[in-house]
Amino acid sequence: MTGGGAGRMTVAAVVTRGAPFALVEAEIPEPGPGEIRVAVKAAGICHTDLAFRDLELGTPLPMVLGHEGAGIVDQVGPGVEGVRPGDRVALSYDSCGLCPVCREGAPQYCEEFGLRNIAGLGPDMAPRLRLAGGGPLFASFFGQSSFAPLAITRPRNTVRIPAGLPFHLAAPLGCGMQTGAGAILNTLGGRPGQSLAVLGAGAVGLAAVMAARVAGMDPIVAVDRVPARLDLARALGATHGFLSGDGLAAELAAIRPGFDAVLDTTGVPALIELGIAALATRGTMLVLGISPPGAQAAFALSGFLGGKRIQGLIEGDADPQAFVPKLAALHLEGRFPHDRLVGTFPFAEINRAAHAMESGETVKPVLLFGD
């Protein structure tokens with residue numbers, strides 16, 4: 001196992017808020033009742049990981065992040081059904097499956113979402129990992145903490161994947177791809193002829209562009225500050241690409257006087273305000289980007305008399321047990337080519353991978369774990 005002596009593994013932890021990830025030694029965890037231990041083979045880096053690394057969003061420290069894992073089931077605890085050792089799996093967010101919201105088919109809004117995905121605690125309300133020296137190490141981030149060679153998960157967030165899907169392409173399906181594609185296919189219910197503008201052509205935004213193409217939406221406009229990402233957006237299905245800037249409102253208006261839907265992935269208040277202003281009658285503004293605490297956007301209330309809506313969403317309104325296999329199938333059919341977004345890095349180079357995403361060099365960095 002990666003790391004020091006027997007019973008230890010090397011994990012990437014946030015030790016100091018805003019500082020780079022630190023490689024530290026942790027004790028190898030054992031799965032308890034209802035838990036699964038997964039040997040992680042690949043883990044995507046998402047902007048959410050960097051937001052929780054840098055911002056005060058409720059996570060305790062030190063903590064292992066990572067919520068786009070993929071690998072092989074290594075061991076299962078008592079009472080686990082549906083997966084067994086040797087299964088190839090992708091990992092997503094966790095949910096209880098028992099609360100009224102989960103029972104309504106919306107596990108992304110589970111009443112225990114914060115406890116299971118953000119708090120860093122195990123079922124016994126204690127930190128799920130321990131440092132090699134014995135100190136507490138918070139984990140269970142999005143039910144997995146996959147910036148580690150071994151992750152403890154549960155059946156509801158552990159999804160079997162086809163043999164033909166490589167781990168480095170399965171990993172991003174658990175969050176970034178699910179969020180962007182789900183926003184279009186689930187939340188919006190995208191259909192042929194609907195117009196769409198996507199603000200931010202990172203991994204989530206480009207997943208939305210690919211899903212919009214699958215849904216037959218037209219036109220599909222991508223907006224970003226990096227010209228190369230606009231070129232990629234066009235290759236993946238966008239009909240237009242615009243740089244964000246002072247002339248953006250006029251450029252959007254020249255395409256359509258109003259858009260049926262605008263999706264913001266940036267969390268930037270000025271862009272959200274621009275997107276709201278660009279809506280058509282009965283248009284929908286979808287908001288899923290993470291903004292700093294206290295960030296606000298202003299808009300004219302009178303415009304909403306025309307049936308416009310602002311809708312927030314989590315995880316693409318997707319149940320990973322159904323939606324991750326759907327995205328896997330679309331990819332294997334050649335209709336969701338998210339491999340064009342992925343760049344791979346050795347796990348030990350996690351900080352270089354994070355910088356590559358922040359700089360725009362790599363859209364979706366994926367960490368690879370050696371045997």
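Suppose we filter segment 123-147 for residues that are touching a Ser or Thr at 6+ places or on another chain (Cβ under 8 Å) and of a type in the set (A, V, I, L, M); how many remain?
Residues in segment 123-147 being touching a Ser or Thr at 6+ places or on another chain (Cβ under 8 Å) and of a type in the set (A, V, I, L, M): 2 in total.
Do you know which of the residues in segment 318-337 that are in contact (Cβ under 8 Å) with a residue 12 or more places away in the chain and either assigned by TED's automatic domain parsing to the domain that holds Gly216 or in a loop (DSSP other than H, G, I, E, B) (or both) is farthest from Arg225 (Cα to Cα)?
So the residue we want is Asp319.
How about segment 53-91: which of its residues are part of a loop (DSSP other than H, G, I, E, B), under 18 Å from the mean Cα position of the chain (by Cα) and buried (at least 16 other Cβ atoms within 10 Å of the Cβ)?
Thr59, Leu65, Gly66, His67, Glu68
Of the conditions (1) under 17 Å from the mean Cα position of the chain (by Cα); (2) modelled with pLDDT of 95 or more, Ser291 fails just one. Which one is it?
Ser291 satisfies all of (1) under 17 Å from the mean Cα position of the chain (by Cα); (2) modelled with pLDDT of 95 or more except (2).
Which pairs do you get when a residue that is touching a residue at least 40 places away in the same chain (Cβ under 8 Å), found in segment 96-108, comes within reach of a residue that is in a helix (DSSP H, G or I) and of a type in the set (Asp, Glu), reach meaning Cβ atoms under 9 angstrom, with the pair 6+ apart or on two chains?
Note: pairs meeting the criteria are Ala106/Asp317; Pro107/Glu315; Gln108/Glu315; Gln108/Asp317.
Using the structure shown, decide if Arg213 is under 21 Å from the mean Cα position of the chain (by Cα), within 26 Å of Ala354 (Cα to Cα) and either buried (at least 18 other Cβ atoms within 10 Å of the Cβ) or modelled with pLDDT under 95 (or both).
So Arg213 fails the test.
For segment 223-276, which positions are over 22 Å from Ala211 (Cβ atoms), of a type in the set (Asp, Glu) and without any contact (Cβ under 8 Å) to a residue 12 or more places away in the chain?
The answer is Asp246, Glu251.
For the structure I just gave you, tell me whether Arg340 is more than 16 Å from the chain's Cα centre (by Cα), in a helix (DSSP H, G or I) and touching a residue at least 12 places away in the same chain (Cβ under 8 Å).
Working: more than 16 Å from the chain's Cα centre (by Cα): yes; in a helix (DSSP H, G or I): yes; touching a residue at least 12 places away in the same chain (Cβ under 8 Å): yes.
Taking the combined requirement at face value, the residue satisfies it.
Six or more apart or on different chains, Cβ under 9 Å: which pairs go from a residue in segment 16-34 that's in the same structural domain as Pro62 (by TED's automatic domain parsing) and closer than 15 Å to Ala139 by Cα to one that's loosely packed, with under 15 Cβ neighbours inside 10 Å and of a type in the set (D, E, K, R)? Could you list them?
So the pair list comes out as Gly32/Asp124.
For Ala170, are the conditions met, namely being in contact (Cβ under 8 Å) with a residue 40 or more places away in the chain, more than 15 Å from the chain's Cα centre (by Cα), crowded, with 16+ Cβ neighbours inside 10 Å and not in a loop (DSSP other than H, G, I, E, B)?
In short, no.
Considering segment 93-148 alone, what residues qualify as being under 15 Å from the mean Cα position of the chain (by Cα) and assigned to a loop (DSSP other than H, G, I, E, B)?
If the condition is that a residue be under 15 Å from the mean Cα position of the chain (by Cα) and assigned to a loop (DSSP other than H, G, I, E, B), then Tyr93, Asp94, Ile118, Gln144, Ser145, Ser146, Phe147 are the ones that fit.
Can you confirm whether Gly237 is at pLDDT below 95 and either on the phi > 0 side of the Ramachandran plot or of a type in the set (Lys, Arg) (or both)?
no
Cβ contacts < 6 Å: first residue farther than 15 Å from Phe147 by Cβ and outside the structural domain of Asn351 (by TED's automatic domain parsing), restricted to segment 53-67; second residue crowded, with 21+ Cβ neighbours inside 10 Å and of a type outside the set (Gly, Ala, Ser), any location; separation 6+ or different chain. Result?
none
The values are calculated or read from the model by the stated rules, or taken from the named source; none is laboratory data. Keep in mind it's a predicted model, so treat the numbers as computed, not measured. Please note: Cβ atoms are built from the backbone with ideal geometry, for glycine as well, and neighbour counts cover all protein chains shown.
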